[in-house]
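Right, one structure below, let's go through it.
Quick note: the coordinates plus some simple rules give every number you see, no bench work behind them. This structure is a prediction, so every number in the text was calculated from the model and none was measured. With ideal geometry, Cβ positions are generated from the backbone for all residues, glycine too; neighbour counts draw on all protein chains shown.
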Amino acid sequence: MNTASLVIERGTPASRSAGIGVLTIILLLAIAPQFLSAGAVDRMTALFIYVILAAMWNALAGFGGLVSVGQQVFFGLGAYFAIRLANAGLNPFVSLFVSAVIVGAVSWPISLFMLRLRNGEFAIGMWVIAALTHLLVNLDRLIQGETGTSLISLNVYDASTRRLTIYWLALASMTALLAILFSLLRGSTGAAIRAIRDNEDAAASVGVRVTGTKRQLFVLAAFGIGVAGALWLATAITFQPKTYFNVQWTAYMIFMVLVGGIGTFEGAILGALLFFLIETWFGGTGVWYLIGLGAAALAFSLLLPRGLWGTLEERFGWRLLSVGYRVRLPASAADPTGEAISPAPTAAHSEKA
């Protein structure tokens, strides 16, 4: 085939329409509390937090190849530092985001030695870090061990004001973090991240700053998950270390990304939405809910290893929030139906720079 006839593209009419659709949805969500009940506002806030968690874990593992089972350390620290800052007299809402900045700062020295590990060593190493951090937080007299404490400074606001403020903060945080991640993955750093994921040694051989790039992604993911932990504290008020440092948070992240489609920008969002719906409908069934999540994750791993969005993208070539390039045949080389005479692009094709 004459390679000169190939067309390299990123944006498509569908992706441009998707961008307009995303902006419209965000605007609608911003005014939604006027039409929602108090319970619905709380549930939507939880959805925004789930999207943040899924997007950050997907960025780290799906795009960067850094599979971690200890990301709950940053979720717990986000809540812990918010408690500490508010107790020191800082406005509780301001504390939520200052705590996330501190989490990002703390993640930097952690990355100095954790990023020396690869594959399973990195995954288990992060779990060890989470367990050690949990024990250290328990030693804080303010926290009182597993008894925990509360973000009592939020009680100065009436319930309605608090609920709406947290909703808008969560929506703004989700939007900002997704925008930052999207911009990062579309740029040269995103190409470097995917090159490192595919073959770290090969990436280094062509001049990619492997350690620096991985550290940048690691800190961003920690910061985002720290934001999620602080926001969850604001919705729950109470802080108990065994809850916030529980590995179930990372399990939820993994579930959302596996179901939605690991390594795809849209997949993390879709997975978070599916998890939210499952939790809303079946969360009250107790242990059967957790068994169902495990069974569903196993089924997707075996039957749809690329997740829902990954499978749709591979089969139909759907690309709504494109962060990479795709090589396709020009229209003149298409069959009578208008489809190019080439197989549908895989995630590896569509997401590589």
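Just a few scattered comments:
- Fewest-first ranking of M256, M126, M44, using other Cβ atoms within 10 Å as the exposure measure: M44, M126, M256
- Note on the range 150-266: Rg/Rh from Cα positions, Kirkwood definition for Rh, rounded to two decimals, is 1.07.
- Positive end of the dipole of the chain (Cβ unit charges, origin at the Cα centre): among N138, A59, G104, the Cα lying farthest that way belongs to G104.
- Basic side chains Lys and Arg get +1 at the Cβ, acidic Asp and Glu get -1 at the Cβ, and with that the dipole of the range 3-351 about its Cα centre reaches some 460 debye.
- Taking amide H as placed 1.01 Å from N in the peptide plane, F239 has its amide H under 5 Å from the amide H of T149, S150, L151, each at least 5 places away in sequence or on another chain.
- A straight line joining the Cα centroids of the range 88-130 and the range 156-198 runs 17 Å.
- 3J(HN,Hα) along the range 52-58: 4, 4, 5, 5, 6, 5, 5 Hz, from the Karplus curve 6.51 cos²θ - 1.76 cosθ + 1.60 with θ = phi - 60°, whole Hz, x for Gly and Pro.
- Ordering A204, T147, V41 by Cα displacement along the dipole of the chain toward the positive end leaves A204 in first place; charges were set at the Cβ atoms of Lys, Arg (+1) and Asp, Glu (-1).
- Restricting the calculation to Cα atoms, the chain yields a radius of gyration followed by a Dmax of 21.1, 73 Å.
- Taken one residue at a time, the phi angles of the range 80-90 give Karplus couplings (6.51, -1.76, 1.60, θ = phi - 60°) of 4, 5, 5, 4, 5, 5, 5, 5, 7, x, 6 Hz. Gly and Pro are set to x.
- Mean residue ellipticity (222 nm) of the chain, computed from DSSP H runs ≥ 4 via -39,500 (n - 2.57), nearest 500: -22000 deg cm²/dmol
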